Amino acid sequence: MERGIAEGHRTSEMPRGVMEMTDGSDDGAKGRVTAPAEGRGASFKFRYVGDRFADAGLPFDMLSDLEALRDLVAALAEEEFRRKRGGRPPLGFNKAISLALVGIRGGGTVPEVAFQSDAARRSLPEFGDELDDLVVAAFDRVVMICDGASHDGFPDIPSPKAVGAMSKFGANLLEGEHMEFPGKKGRSGGKVIWDRKRLENFKDTHQRSVSEAFDMQLETRRRKFDGIGPLAGVDTVRNSVQVQTDEHGDVWLPLGCLSRSISQFSGNLFAPVEFSASIAVNADGKLINVEEVYSVDLFEQRDGDVWDRIVRLRELFTMEKGWLGNGQGEESTPVAILRAANLVFKRRKFADLFRIYPTGNGGISVEFDKGGWNFCAEMMPDGSIEIDRSLPGEKTFEIESFDGMSQDFFNEFDRMTAVTG
């Protein structure tokens with residue numbers, strides 16, 4: 001992809017540090033880029049043309065284009081990330097792509113926005129200048145999409161999120177009005193124009209994706225998500241920790257916006273972590289992504305019995321295959337150990353009774369006696385759980401099985417252990 005949108009020069013009427021987005025063909029400035037103002041990255045601008053804009057001024061209903069542009073650039077930057085790295089962007093990526101209105105020129109008809117690169121680097125420090133490159137590529141694609149609408153030749157946009165944002169860009173333009181992109185030339189050599197006709201052409205071409213995008217918006221809900229769970233992983237590169245939760249399984253929580261250092265969590269695998277975040281869920285309550293993290297802390301109330309069991313689980317985590325001898329005895333799987341850690345913490349009133357053993361197939365067995373009964377909760381290698389109880393010399397109950405550490409599991413565990421003798 002060409003880098004023309006990131007190349008340009010600063011004109012005399014522009015304040016120091018603001019880039020004029022051109023194709024580099026005027027005034028012999030090709031390839032020369034001025035340093036952006038402190039905290040800003042590449043900038044982008046477009047011009048409104050039409051009778052409503054002739055009297056100098058930008059109607060309020062056109063301000064929605066700025067929000068649509070932000071969402072579009074973020075979605076296209078995500079696509080560029082997937083293309084370059086072959087994987088999903090990290091949590092917090094979309095939110096880190098923040099644009100700011102840095103000027104309105106041409107008597108109010110030419111808005112100019114700039115990427116807030118310093119703020120983005122603080123949120124995702126591991127990416128550095130790569131974020132700027134991704135945003136520049138996204139700006140390029142915005143112009144390519146608008147130009148493609150004139151020729152019925154759209155680039156492939158598989159993301160419903162990108163299509164949904166593009167469908168809002170210029171949605172309030174009236175008949176006879178359009179947008180232009182100063183300094184940009186289309187494939188035919190003329191101006192790149194975006195108007196109602198081209199917008200409708202785009203929406204017709206990507207009708208299914210538009211429908212999916214709006215359905216996604218309608219079905220997505222944002223809610224508070226607080227909880228406590230065992231530390232499942234630490235990613236020092238992405239500055240994130242993974243916590244196992246009852247409701248949504250293993251969830252990655254970025255620490256970028258918090259004062260917490262990732263070093264506080266290193267060496268504390270399976271320790272209880274208390275967290276507070278905002279998440280997006282679909283209509284069925286399934287987690288879509290983590291929107292914002294408010295706090296992530298190691299749980300300070302370290303009960304001695306609980307901590308002894310956590311230390312025991314760490315020991316089992318280091319055991320290698322063959323621990324039974326003669327090549328027998330599988331390594332305990334991380335998910336089985338995490339299930340056991342969760343049980344220890346969530347039912348810590350029994351912690352002093354818990355005896356924890358590895359099983360030969362890679363699971364973990366948590367056993368204890370209470371009221372004359374023997375209890376066992378076995379964490380299978382795949383994360384499923386079996387629990388049973390028996391009264392020595394009298395009766396053994398049928399084993400109960402669960403797919404994971406759900407509320408149903410805890411309800412049955414509490415029912416079974418509510419015996420007095």
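The values are calculated or read from the model by the stated rules, or taken from the named source; none is laboratory data. Just so it is clear, the model here is predicted, and its values are computed rather than measured. Every residue, glycine as well, gets a Cβ built from its backbone with ideal geometry; the counts of neighbours run over all protein chains shown.
Table for the structure above
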item	result
Residue, nearest to the chain's Cα centre (by Cα), within the stretch 343-369, restricted to residues that are surrounded by fewer than 16 Cβ atoms within 10 Å (Cβ to Cβ) and assigned to a strand (DSSP E or B)	357
Flag for residue 114 being touching a Phe, Trp or Tyr at 6+ places or on another chain (Cβ under 8 Å) and either acidic (Asp, Glu) or more than 17 Å from residue 77 (Cα to Cα) (or both)	no
Residue 66 being surrounded by 12 or more Cβ atoms within 10 Å (Cβ to Cβ), modelled with pLDDT of 50 or more, within 14 Å of residue 112 (Cβ to Cβ) and assigned by TED's automatic domain parsing to the domain that holds residue 131	yes
Residue in the stretch 151-166 that is over 31 Å from the mean Cα position of the chain (by Cα) and charged (D, E, K, R) present	yes
Residues located in the stretch 267-321, provided they are small (Gly, Ala, Ser) and either in a strand (DSSP E or B) or over 22 Å from the mean Cα position of the chain (by Cα) (or both)	267, 271, 276, 277, 278, 280, 295, 304
Breaking point among (1) at pLDDT 85 or above; (2) in contact with a His (Cβ under 7 Å, 6 or more places away or on another chain), for residue 115	(2)
Qualifying positions in the stretch 236-246 - in contact (Cβ under 8 Å) with a residue 24 or more places away in the chain and of a type outside the set (Gly, Ala, Ser)	236, 237, 238, 239, 241, 243, 244, 246
Among the residues listed as 76, 101, the single one being at pLDDT 90 or above, part of a helix (DSSP H, G or I) and either under 17 Å from the mean Cα position of the chain (by Cα) or assigned by TED's automatic domain parsing to the domain that holds residue 165 (or both)	76
Residue 204 vs. criteria in the same structural domain as residue 180 (by TED's automatic domain parsing), at pLDDT below 80 and not small (Gly, Ala, Ser)	yes
Test for residue 190: is it at pLDDT below 90, more than 22 Å from the chain's Cα centre (by Cα) and surrounded by fewer than 21 Cβ atoms within 10 Å (Cβ to Cβ)	yes
Pairs with Cβ under 9 Å, 6+ apart, first in the stretch 258-274 and of a type in the set (Val, Ile, Thr), second crowded, with 16+ Cβ neighbours inside 10 Å and assigned to a loop (DSSP other than H, G, I, E, B)	262/239; 262/255; 273/265; 273/299
Cβ pairs under 9 Å, 6+ apart, first in the stretch 178-189 and under 15 Å from residue 50 (Cβ atoms), second among the acidic types (Asp, Glu) and modelled with pLDDT of 90 or more	178/195; 179/65; 179/195
Flag for residue 231 being over 23 Å from residue 124 (Cα atoms) and either touching a residue at least 12 places away in the same chain (Cβ under 8 Å) or assigned to a strand (DSSP E or B) (or both)	no
Residues of the stretch 114-140 satisfying the condition of being crowded, with 22+ Cβ neighbours inside 10 Å and under 26 Å from residue 59 (Cα atoms)	114, 115, 139
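For (1) crowded, with 16+ Cβ neighbours inside 10 Å; (2) out of contact with any Gly (no Cβ under 8 Å at 6 or more places or on another chain), each residue gets a yes or a no:
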| position | (1), (2) |
| --- | --- |
| 263 | no, yes |
| 273 | yes, no |
| 281 | yes, yes |
| 299 | yes, yes |
| 307 | no, yes |
